[in-house]
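Peer 1: Below is the structure I would like to discuss, written out as structure tokens.
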Amino acid sequence: MPQNQNKVTYGIDRMAFYIPEFYVPMTDLAQARGVDPDKYLGGLGQENMAVLPPDQDIITMGASAAEALLTDDNASPIDRRSIDLVIVATESGLDASKAGAIPIHGLLNLAPNCRTIEIKQACYSSTASVRLAMAHVMQHPSSTVLIIATDNARYGLNAPGEATQGCGALAMTVTQNPSILAIDPEAGYLTKDVMDFWRPSYLDEAIVDGKYSARMYLTGLINTWGQYSGITNKTIDDIDRFVFHLPFSTMADKAYRRLCQHTDHPEDPAEYVAGKQLNQQIGNSYTASLYLSMLSLLLADDGSANNELTGHTLGFYAYGSGSVAEFFTGTVIDGHKKYLLPDYHHNQLTQRQALSFDQYEDYYRFQSKIMSRDQGGNISIPTVSQSAPFVLTRISDHIRQYARS
Ligand code: HMG
């Protein structure tokens, strides 16, 4: 579809994800927990689950994702001095006071004249970050805002939510006249105080009412869609593809079905099926999840007529438990493929190592240990990652030490 070349737009200029080198196949998890594998593979739609090793955390994952985007040789280099705002969106924060954006800013050698903050509202905070970044670049048109969504989803060994764990980071820049996605100003958004999922600060695992959380997710979708379509007079026919926050991949099917039922729209799998592949391999990455779905959709575009996305309207649904929801739209920019780092992303998925089940449980327990008040303040960290750009090396006097590897 032709784009108006003269219109000033705001949105996502670059994107890259980072996932650790380790995963557990869902079939292994099912066997160990005595569950029919079809429940995880078919019912939840998951194949593998990314696992955080001892020498990685939200800082190393976030810095690695951003490093990939900043050192992309195929695209024109980003002027690091133009980055004057770094926002870390996470619900796996390591410090109640100091923002995770500060050590990431240091590891990336960004310019000192920069604002660095961490923001929180469950999985929604990445979308809040995008809105904040857009407001910033509207005021400062030559600025680049770096957003890093980084999380480690933990529900507990043998907990009902275990099969929906995962981890990873997604970095993106927001600029004026972006190269990947122009985001529309209109949105439907909702706050509803519910206890569907939460994590008191003294716990390192989330408490969740799983079925209720899925209902709240869908309630938020119908509400925000209603608000969005009321403001814009748009119908489902105006949206070419849907991009959902994915706690697990079949949530997209439930969401799309509910929206179609609500609007008396016939279901068309082509509108939503793409965009689930990364989630199926990684699991829930909380704040990164919605934008991973978008990247998944764009990376799957092989240029064939069915898949061509340039000029198409994407409809996004962000949901953060607790809860805040938002429905918004954006247009895919001509030439976006140049900025998607397909080889780097492909290698991220194909060069991983499957953990034995015992190793998975050991890595899980190690994270509990370093998050504990008694054991986490002074601890040396085994190096297990072979190709991670950044690693956590030790914790001394409650200070995390990192190295470029
Ligand atoms: P569960 O009770 O173990 O699973 O919990 P289930 O019994 O609901 O089964 C799951 C699906 O598998 C069902 O499909 C079953 O029918 C099917 P559905 O009926 O829903 O379409 N199934 C099978 N399919 C094939 N063969 C079989 C078989 N057996 C069953 N043999 C639950 C699942 C997701 C609730 C749990 O894992 C959980 O609590 N997860 C965490 C919470 C969550 O992901 N909530 C989602 C919405 S809230 C959200 O997205 C926000 C969040 O990201 C946090 C944030 O915002 O920060 C979580």
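Peer 1: Can you give the convex hull volume of the alpha carbon atoms of segment 266-353 per residue, in Å³?
Peer 2: Numbers: hull volume 11.0 nm³, N = 88.
Spelled out: Cα convex hull of segment 266-353, divided by residues, is 125 Å³.
Peer 1: In debye, nearest 20: dipole of segment 255-405 around its Cα centre with unit charges on the Cβ of K, R (+) and D, E (-)?
Peer 2: Working: 12 positive and 15 negative charges, 144 e Å.
Rounded to the nearest 20 debye, it is 700 debye.
Peer 1: Let me ask something else about it. How do E21, E308, E118 rank when sorted from fewest to most other Cβ atoms within 10 Å of their own Cβ? Mind showing how you got there, number by number?
Peer 2: Values: E21 18, E308 12, E118 24.
Taking fewest neighbouring Cβ atoms as first place, the list is E308, E21, E118.
Peer 1: How high is the relative contact order of segment 246-344, in percent, with contacts defined as C-alpha pairs under 8 Å that are six or more residues apart? Mind dumping the intermediate values first?
Peer 2: Details: 106 pairs, mean separation 20.9, N = 99.
RCO, segment 246-344: 21 percent.
Peer 1: Something else about it: Modelling each spin label as a point 7 Å along the Cα-to-Cβ direction, I'd like the C114/D38 distance in nm, to one decimal.
Peer 2: Each label point is offset 7 Å from its Cα along the Cβ direction, giving 5.1 nm.
Peer 1: Take the Cα atoms of the chain, build their convex hull, and give its volume per residue in Å³. Kindly include the intermediate steps, with their values, before the conclusion.
Peer 2: Numbers: hull volume 54.9 nm³, N = 405.
Value for the chain: 135 Å³ per residue.
Peer 1: Related question: Counting Lys +1, Arg +1, Asp -1, Glu -1, what net charge surrounds S372 among other residues with beta carbon under 14 Å of its beta carbon? Before the final figure, lay out the partial values.
Peer 2: Working: positive: R154, R365, K369, R373; negative: D204, E205, D374.
Net charge around S372: +1.
Peer 1: For a footprinting-style exposure proxy, rank T175, T263 by other Cβ within 10 Å, fewest first. If you can, show how the numbers build up before the last one.
Peer 2: Numbers: T175 22, T263 14.
In increasing order of surrounding Cβ atoms, one gets T263, T175.
Peer 1: What FRET efficiency would be calculated for the residue pair A300, S76, taking the C-beta separation as r and a Förster radius of 25 Å, to the nearest 0.05?
Peer 2: Working: r = 25 Å, r/R0 = 0.99.
Given R0 = 25 Å and the Cβ-Cβ separation, E is 0.50.
Peer 1: Give the cross-link partners of K98 among the aspartates and glutamates, using a straight C-alpha distance below 15 Å as the criterion and excluding same-chain residues fewer than 8 apart.
Peer 2: List returned: E118.
Peer 1: Next question. Please identify which residues in segment 199-220 have an amide N closer than 14 Å to a label point set 7 Å out from the Cα of Q375, following the Cα→Cβ vector.
Peer 2: 204
Peer 1: Can you tell me the dipole magnitude for the chain around its Cα centre, using point charges on the Cβ only (Lys, Arg +1; Asp, Glu -1), in Debye to the nearest 20? Please report the intermediate quantities before stating the final value.
Peer 2: Working: 30 positive and 44 negative charges, 165 e Å.
In debye, rounded to 20, the chain gives about 800.
Peer 1: Could you work out the pair-distance distribution P(r) of segment 219-371 from its alpha-carbon pairs, with 10 angstrom bin width and percents rounded to whole numbers?
Peer 2: So the P(r) values, bin by bin, are 10, 35, 33, 15, 7, 0.
Peer 1: Check which residues have an amide H placed less than 5 Å from Y402's amide H, if you skip close sequence neighbours.
Peer 2: T393
Peer 1: Suppose each label sits 7 Å from its Cα in the direction of the beta carbon; what would the F357-E186 distance come out to in nanometres?
Peer 2: So the two model labels end up 5.2 nm from each other.
Peer 1: Given a cut-off of 32 Å, name the pairs among K276/K338; K39/K234; K120/K276; K234/K337; K211/K369 whose C-alpha atoms lie farther apart than that in the structure shown.
Peer 2: Working: K276/K338 22 Å; K39/K234 37 Å; K120/K276 24 Å; K234/K337 27 Å; K211/K369 30 Å.
Over 32 Å Cα-Cα: K39/K234.
Laboratory data are not the source of any read-out in this text; all were calculated from the coordinates shown. Values in this document were obtained by computation on a predicted structure and should not be read as measured data. Because the Cβ atoms are built from the backbone with ideal geometry, glycine has one as well, and the counts that use them run over all protein chains shown.
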